Amino acid sequence: MIDSEYVRSIARHEAAHWVIGKRLGAAVGAITLKFVHEPGTSSVRVDCHAAVDRIASTKTVFEIEQYLRGRVRASMAGAIAQLSPNAVATIPAAMGIWENEGQDDYVKIREFCQILRNIQHGESDRQTAKTQLNEISEALFLSAVNDVQQNKVPINDLAERITSVVTEFNKSYVFSNEAIFSVPSIKASFPSA
């Protein structure tokens, strides 16, 4: 039997990617979750994905920066929402998630932050570049914390819907946009969608 609290934490993670991605103007698709359990072991591998893409083309450096900032915030939102509801959202706390099931998010976050640093600052010595990168990352993390706090209800409601459905190991669960918009707070948050 799947631990429903674990499913709930992963569901909050994916719901936050979806909600914050949508809030920041990305084209969002289905949320897919699969909890893989190998018989005879106690380990569980998580294969989850919230489709967050950008359809509109970016034509200017400013648009590229805005796109990258939005992608970083949506990527960070997953780990922030996955933290225990009573936990304080800090970068070290989020790192605990990024070092485990959130590795793909962390790779994207670091890459996009590096590109933003390069656009904003160009050539710098190693220590200055590291400081600039950390400043960008920290500012976007604080924005993502705010994003998650402001969207707590739709994130938690969508996570609860997901948790109520995901009950078996080794089975893929796909939540289409139609299923996601059947959650009242999601529909209320995005009335024109």
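The values are calculated or read from the model by the stated rules, or taken from the named source; none is laboratory data. Keep in mind the model is a prediction, meaning the values are calculated, not measured. When we count neighbours, we look across all protein chains shown, and the Cβ atoms used for this are built from the backbone with ideal geometry, even at glycine.
Points worth noting:
- Of the residues making up the stretch 116-130, just one is of a type in the set (Val, Ile, Thr) and either at pLDDT below 95 or surrounded by 13 or more Cβ atoms within 10 Å (Cβ to Cβ) (or both), namely Ile119.
- Top-ranked residue of the stretch 94-108 - restricted to ones that are in contact (Cβ under 8 Å) with a residue 24 or more places away in the chain and part of a loop (DSSP other than H, G, I, E, B), ranked as surrounded by the fewest Cβ atoms within 10 Å (Cβ to Cβ): Glu101
- Condition check for Leu68: crowded, with 18+ Cβ neighbours inside 10 Å and either over 17 Å from the mean Cα position of the chain (by Cα) or at pLDDT 95 or above (or both): no
- Complete set of residues in the stretch 135-193 that are part of a helix (DSSP H, G or I) and among the charged types (D, E, K, R): Glu135, Glu138, Asp147, Lys152, Asp157, Glu160, Arg161, Glu178, Lys187
- Number of residues in the stretch 61-89 that are within 30 Å of His121 (Cα to Cα), in a helix (DSSP H, G or I) and touching a residue at least 12 places away in the same chain (Cβ under 8 Å): the value is 17.
- Scan of the stretch 137-192 for residues that are touching a helix residue (DSSP H, G or I) at 6+ places or on another chain (Cβ under 8 Å) and aromatic (Phe, Trp, Tyr), ordered by number: Phe141, Tyr173, Phe175, Phe181, Phe190
- Flag for Val174 being among the β-branched types (Val, Ile, Thr) and loosely packed, with under 14 Cβ neighbours inside 10 Å: yes
- Considering (1) of a type outside the set (A, V, I, L, M); (2) farther than 29 Å from Leu68 by Cβ; (3) in contact with a strand residue (DSSP E or B) (Cβ under 8 Å, 6 or more places away or on another chain), the lone condition that Gly40 does not fulfil carries the number (3).
- Residue match in the stretch 20-29 (condition: in contact (Cβ under 8 Å) with a residue 60 or more places away in the chain, part of a helix (DSSP H, G or I), surrounded by fewer than 23 Cβ atoms within 10 Å (Cβ to Cβ) and not aromatic (Phe, Trp, Tyr)): yes
- Figure legend. Inter-residue proximity from the stretch 130-153: first residues at positive phi, second residues polar (S, T, N, Q) and modelled with pLDDT under 95, beta-carbon distance below 7 Å, spacing 6+ or different chains. No pairs are indicated.
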